[in-house]
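Participant: Before I ask anything, here is the structure I am working with.
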Amino acid sequence: MNTTSHSLLEMTPVLPVVQIADADHAIPVAQALRQGGIAILEVVLRTPASIEAIRRIRAEVPDVVVGAGTITDMGKLDAAVEAGCEFLITPGLTPAMAKACKDLPMPVVPGVSCASDIMLGLEYGFTAFKFFPAEASGGIAALKALAGPFGDITFCPTGGISPDNLAAYLALDCVSCVGGSWLTPKALLKRQAWSEVTSLTQQAIAAARLDQEALNCAG
Ligand code: 3PG
C-alpha cells in the first residue's frame, strides 16, 4: 500500500477499532465492515488472538486495509509488522516509540492528547495523529484550540465517539476521520452477529454523509 498517514485517514470517515478475542472472527468481521461500506480496520493488540487476526485478514481479505492498534511497546510493534499490518496506531507517543516508527515503510498514526505530545510528534516528522482519549481530553473544544498553533496537522479523534457526536467532530477542518469501537461491540462479535456489524457500519456511514451534506449546503 503506497499511502501516507494523511491519505490513510482520508480513506474513511470512520475507522473501526476492533478487539478480536477469537481469530476465527477476524475474516467475517472484516467482511461485515466492508459489506457495510468501510474497507479498513484497526485491530487492537489487546488479546492473544489479535496478531493471528491481522495475519488472516491480510491473507484472506485483500480488499480490506488492516492496521494494528494499541502499539504500546516495541514487542507489539515488531509483532504487528511481522504479521503484515498495513498501518500502525499508538495510543500515546514517547521518544523511543517515535524513533522506532519514523522510518517504517507504512503509515503510522501516533496518539496525542495535548500540545506537548504534538510537538514531540512533529519533531519526528509526524503530522497525522490519533487524538486520544478524545472526549476525556476535551473533545471538540480541545481540538479547536489545538488547531490554532498547529495548522497543518490532521487528527483522528478516538475514545468516546459515537453516532451522536461523530458529525460534530467530522465538521472540524482538522479532523479527517473519527475512530471508535462502537461498530464492533464485543457482544456482537461473541454472537457472531455479522449482519448487525454491517448495519452499524451502514448507520455510521449515513451519519457521516449527513455531515458532508450539511457542509456542502453551508458552502
Ligand atoms: C481505543 O481503544 O482506541 C479507543 O479507546 C476506542 O474508544 P471507544 O471504545 O470509546 O470507541
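The values are calculated or read from the model by the stated rules, or taken from the named source; none is laboratory data. Since the structure is predicted, the reported quantities are computational estimates derived from the model, not experimental observations. No Cβ is skipped: glycine too gets one built from the backbone with ideal geometry, and neighbour counts run over all protein chains shown. Protein only, heavy atoms only, side chains kept; ligands, DNA and RNA dropped before computing areas. Shrake-Rupley method; radii C 1.70, N 1.55, O 1.52, S 1.80 Å.
Participant: Ranking request for peptides 101-107, 193-199: highest mean number of other beta-carbon atoms within 10 Å first, then the rest in descending order. Display every interim value, and only then the final one.
Facilitator: On the way: 101-107: 15.0, 193-199: 17.6.
So the peptides 101-107, 193-199, ranked by packing, come out 193-199, 101-107.
Participant: OK, next. Which whole-number percent of Cα pairs in the stretch 1-113 have a distance greater than 21 Å? Walk me through the numbers before you get to the answer.
Facilitator: Values: 1847 of 6328 pairs.
Summing the P(r) of the stretch 1-113 above 21 Å gives 29 percent of all pairs.
Participant: Another question, if that's okay. When the Karplus curve 6.51 cos²θ - 1.76 cosθ + 1.60 is applied with θ = phi - 60°, which whole-Hz ³J(HN,Hα) does each residue of the stretch 79-90 get, with x for Gly and Pro?
Facilitator: 5, 5, 5, 5, 6, x, 4, 9, 7, 10, 10, 10
Participant: Which lysines, on any chain, are close to residue 102 with Cα under 28 Å apart, when same-chain ones fewer than 8 places away are left out?
Facilitator: 76, 130, 144
Participant: Report the local net charge at residue 185: Lys and Arg +1, Asp and Glu -1, summed over other residues whose C-beta lies under 14 Å from its C-beta.
Facilitator: +2
Participant: Something else: Might you work out the accessible area of residue 82 for me, using a 1.4 Å probe with all protein chains in place, and round it to the nearest 10 Å²?
Facilitator: 120 Å²
Participant: Report the calculated FRET efficiency for residue 182 and residue 116 (r = Cβ-Cβ distance, R0 = 45 Å), to the nearest 0.05.
Facilitator: 0.95
Participant: If you don't mind, another one. Note down the magnitude of the dipole of the chain about its Cα centre, charges +1 on Lys and Arg C-beta and -1 on Asp and Glu C-beta and zero elsewhere, to the nearest 20 debye.
Facilitator: 300 debye
Participant: Among 188, 16, 64, which residue has its Cα furthest toward the positive end of the charge dipole of the stretch 5-218, with +1 on Lys/Arg Cβ and -1 on Asp/Glu Cβ?
Facilitator: 188
Participant: Leaving out ligands, DNA and RNA, and with a 1.4 Å probe, what % of the accessible surface on the stretch 5-218 is carbon or sulfur?
Facilitator: Numbers: 4900 of 9150 Å².
C and S fraction of accessible area: 54 percent.
Participant: Quick one: if you stick a label point 7 Å off each Cα along the C-beta vector at residue 127 and residue 191, how many nm between them?
Facilitator: It is 4.5 nm.
Participant: Additional query: Can you list the equivalent-ellipsoid semi-axes of the stretch 142-200, largest first and in whole Å, using the square root of 5 times each Cα gyration tensor eigenvalue?
Facilitator: 30, 9, 9
Participant: Taking only protein heavy atoms and a 1.4 Å probe, what accessible area per residue, in Å², does the chain have with all protein chains in place?
Facilitator: About 44 Å² of surface per residue is accessible.
Participant: Using a 1.4 Å probe on the protein heavy atoms only, what accessible surface does residue 164 show? Give it in Å² to the nearest 10.
Facilitator: 150 Å²
Participant: Here's something else I'd like to know. Kirkwood Rh over Cα pairs of the chain into Stokes-Einstein at 4 °C, 1.567 mPa s: D in µm²/s?
Facilitator: Approximately 75 µm²/s, per Stokes-Einstein.
Participant: Another one. Under a point spin-label approximation (7 Å from Cα along Cα-to-Cβ), what is the residue 39-residue 3 distance to one decimal in nm?
Facilitator: Here the modelled spin labels are 1.0 nm apart.
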